[in-house]
Every structure is written in C-alpha cells, then in structure tokens.
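J.: Please find one structure pasted underneath; my questions will follow.
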Amino acid sequence: SDHYQICLHIRRGDVSKWNQNSTRFTDNDYLMQKLNVIIEGIENVQKNYSLTIFSQGEAVDFLAFKSYRPKLCLNHDEFETFDSLVRADLLIMAKSSFSYVAGLLNEGIVFYEPFWHGPLKHWIDMSGREESFRNEFQIKLKKQLIV
C-alpha cells in the first residue's frame, strides 16, 4: 500500500489518572512524544502514512493528536478494532491484554509500553531512552520497507 498504516491503541474508559487503574493509564503527552519520533522516522523515508486511534471516549479527549489528522475509532466494535490492530504496519500498544494479543499476531512493527505482560524480543520498548528508541525504530522501519 502507498499508505503506511499506524494504529494507536489508547486505553481509556476503565482507566484514568485518578482511579484505581491509574497504572494502566498512559498520558496523551507521553504518547505524543513517542508518536513524534515515529512520524519523523516515517517522513524521513518519504512514506505517506495514516494514523488511526482506537479508544473509548469522545473526540475532545484526543485533541492533542489533531495535527496528525487521525481517524478516530472511538467506542468501536471490538472485533473490527482487533482486526485493525493485528493488520497494522505499525502498532502502538496500550497497557492492555487486548493490545498485547493483537501485538502477538501483528507482523509489522510493534511498540510496547511495559506492564505485567513482558514484551517479545522484536518489539520496541517505548520506555527506553529516546535516542535508542529512535535508532531501533529506524532500523526496523528500513528493513520492513525493503521487504
């Protein structure tokens, strides 16, 4: 495809900064920092991309991402969401078993944020230093686009 498909799963609904599940919450600012590195890498190889955000809530909850003109799939059918996460060229997982299983089946590049399920060896850990995160992504992206 001429469009590189990025799927970002953001866990909301049952999690927030203020409730008992706050360890499963990932702040939009943190995700934007990581997404900026990812988009920069994709633009460096002159590839068009589309970003789809899968989550729960209202569009106003995701205004931080508007500069990337994402397609918002909020409160969407779970089976369609899962299928999209599995088929993505690049999956950014939430701290979620739902994302985790999609990541297990995804054959593209998978970004992982640590929680109680450990990552596969070929996933990119988003919690690392930005420079190593950037370098690892560039290597994987170039390999993926050559195939």
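J.: Pick out, from Ser132, His117, Leu8, the residue whose Cα sits farthest towards the positive end of the charge dipole of the chain, with +1 on the Cβ of Lys and Arg and -1 on the Cβ of Asp and Glu.
T.: The residue sitting farthest along the positive end of the dipole is Ser132.
J.: Scan around Val110 for amide H atoms under 5 Å from its own, H built in the peptide plane at 1.01 Å from N, and keep only partners 5 or more places away or cross-chain.
T.: Distant-sequence amide H within range of Val110: Leu91, Ile124.
J.: Give me the percent of the accessible area of the chain that comes from carbon and sulfur atoms, probe 1.4 Å, all protein chains in place.
T.: 50
J.: Output the 0 to 90 degree angle, nearest 10, between the alpha-carbon long axis of helix 78-87 and the longest principal axis computed from the alpha carbons of the chain.
T.: It works out to around 20 degrees.
J.: Testing the spin-label approximation: label points 7 Å from Cα along Cα→Cβ at His122 and Asn36. State their distance in nm.
T.: Label-label distance for His122 and Asn36, simple model: 3.1 nm.
J.: For the range 99-146, take the alpha-carbon Rg, divide it by the Kirkwood Rh, and send me Rg/Rh.
T.: A ratio of 0.96.
J.: Order Phe98, Phe111, Phe79, most accessible first, counting only protein heavy atoms with a 1.4 angstrom probe.
T.: Reading off the accessible areas and sorting them downward yields Phe79, Phe98, Phe111.
J.: Find the accessible area per residue for the chain; the probe is 1.4 Å, ligands and nucleic acids are left out, and the unit is Å².
T.: Computed with neighbouring chains in place, this is 56 Å² per residue.
J.: For Glu113, Glu40, what's the largest-to-smallest order of accessible area, 1.4 Å probe?
T.: Largest accessible area first, the list is Glu40, Glu113.
J.: A further question follows. Grab the DSSP H runs of the chain that are 4 residues or longer, score each as -39,500 (n - 2.57), total them, divide by all residues and round the 222 nm result to the nearest 500 deg cm²/dmol.
T.: Calculated from helices alone, the mean residue ellipticity at 222 nm is -11500 deg cm²/dmol.
J.: Right, here's the next one. Between helix 28-44 and the chain, what is the angle of the helix's C-alpha long axis to the longest principal axis, kept within 0 to 90° and rounded to the nearest 10?
T.: Its long axis makes an angle of about 20 degrees.
J.: While we're here: Which aspartates and glutamates, on any chain, are close to Lys47 with Cα under 15 Å apart, when same-chain ones fewer than 8 places away are left out?
T.: The reachable aspartates and glutamates, counting only those whose Cα sits under 15 Å from Lys47, are Asp2, Asp89.
J.: Please list Tyr49, Tyr112 in order of solvent-accessible area, largest first, computed with a 1.4 Å probe with all protein chains present.
T.: Final ranking, largest accessible area leading: Tyr49, Tyr112.
The values are calculated or read from the model by the stated rules, or taken from the named source; none is laboratory data. From a predicted model like this one, the values you see are computed outputs, not experimental measurements. Counting neighbours? That spans all protein chains shown, and the Cβs are built from the backbone with ideal geometry, glycine included. Ligands, DNA and RNA are stripped out before the accessible areas are found, and what is left, the full protein with its side chains, is counted by its heavy atoms. Shrake-Rupley method; radii C 1.70, N 1.55, O 1.52, S 1.80 Å.
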